[in-house]
Amino acid sequence: MRHQIFWLSLAVLTGCEEGVECDTAVAELEEFEEFEEFEELPLGAGNAIPVSSPCGMGFVEIDGRIWVVSASGSCRMTLRLLSGQVISFINERSAKCIDVAGGSTANNAAVNQFRCHTGSNQQFYVHAPAGSSSEVQLIPMHTYGLSMQRCLDIAAASTRNNAALQQFSCNGGDNQMFHWNIDDKELVVDHSGKCIDVPGGSTLDGVRLQQYDCHGGDNQKWNIYSVTTGYVY
């Protein structure tokens, strides 16, 4: 079986700034014929250690972080399998996180990309409503204790390209339902079938996120860090 390991610089999670040399693994995409070969990964200062792989999915530990390896078959990782966990999304191109601007709790608050930190406005509770298949709601943790929780939401349930991502009171609408899997790492909105996208592939802080036709670009790929488990997907 062929496995693919997807990993980005651990600098994203350790606070190292772009361009600063850190004692971490550098972003790479590698393919390996056998899981055992992970022991021989050329990680420089990084240290790769195979970890037990339940359900046939490969895991590898790098400098104390557990990275999850995609495997074919029944172990296909989706957001629904992370139901009940708190997670953050890290863009493959910019290495920045999905962020509710200014930690606002208001309806219609902008959702941007911003340098990753440990604030609850970059952390999302994964809620899988009864009856959904792979779709989930994503609740910003800084609103989790409110009487009316907010959800990530496409403004006005638009199905057009460039429609803005925002937070809005959770209402169960398909424009608040998302799915993601470890194979393509696209965060797809259920009602439109479009991907959450960093406009123009920008790497700047504060860029408003949008939905756009899925095209496989790195500005539409999102790695997931589970605050709950410490795993990176």
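Protection proxy ranking for 150-156, 101-107, 180-186, using the average of other Cβ atoms within 10 Å per residue and placing the highest first: 150-156, 180-186, 101-107. When the charge dipole of region 151-233 is built from unit charges on Cβ atoms (+1 for Lys and Arg, -1 for Asp and Glu) and taken about the Cα centre, the candidate among C214, L187, A157 whose Cα reaches farthest toward its positive end is A157.
Taking amide hydrogens as placed 1.01 Å from N in the peptide plane, the amide H of C151 sits under 5 Å from those of F168, S169, C170, each at least 5 positions away in sequence or on another chain. Extension gain, T118 to M148: 0.36 nm times the residue separation minus the Cα-Cα distance gives 8.5 nm.
Fully extended, how many nm does the chain gain between S133 and C214 (0.36 nm per residue separation, minus their Cα-Cα distance)?
27.1 nm
Per the Debye formula on identical point scatterers at the alpha carbon atoms of region 100-164, with no solvent, log10 I(q)/I(0) at q = 0.12, 0.14, 0.20 Å⁻¹ is -0.34, -0.46, -0.90.
For region 203-209, putting each phi into the Karplus relation 6.51 cos²θ - 1.76 cosθ + 1.60 with θ = phi - 60° gives couplings of 10, 7, 5, x, 6, 5, 7 Hz, in residue order, rounded to whole numbers and with x for Gly and Pro. On the principal axes of its alpha-carbon atoms, region 148-233 has extents of 31, 31, 25 Å, going from largest to smallest.
Where a number appears in this text, it was derived from the coordinates with a stated rule and is not lab data. What you see is a predicted model; the values in this text were computed from it and never measured. Positions of Cβ are backbone-derived with ideal geometry, glycine not excepted, and every protein chain shown enters the neighbour counts.
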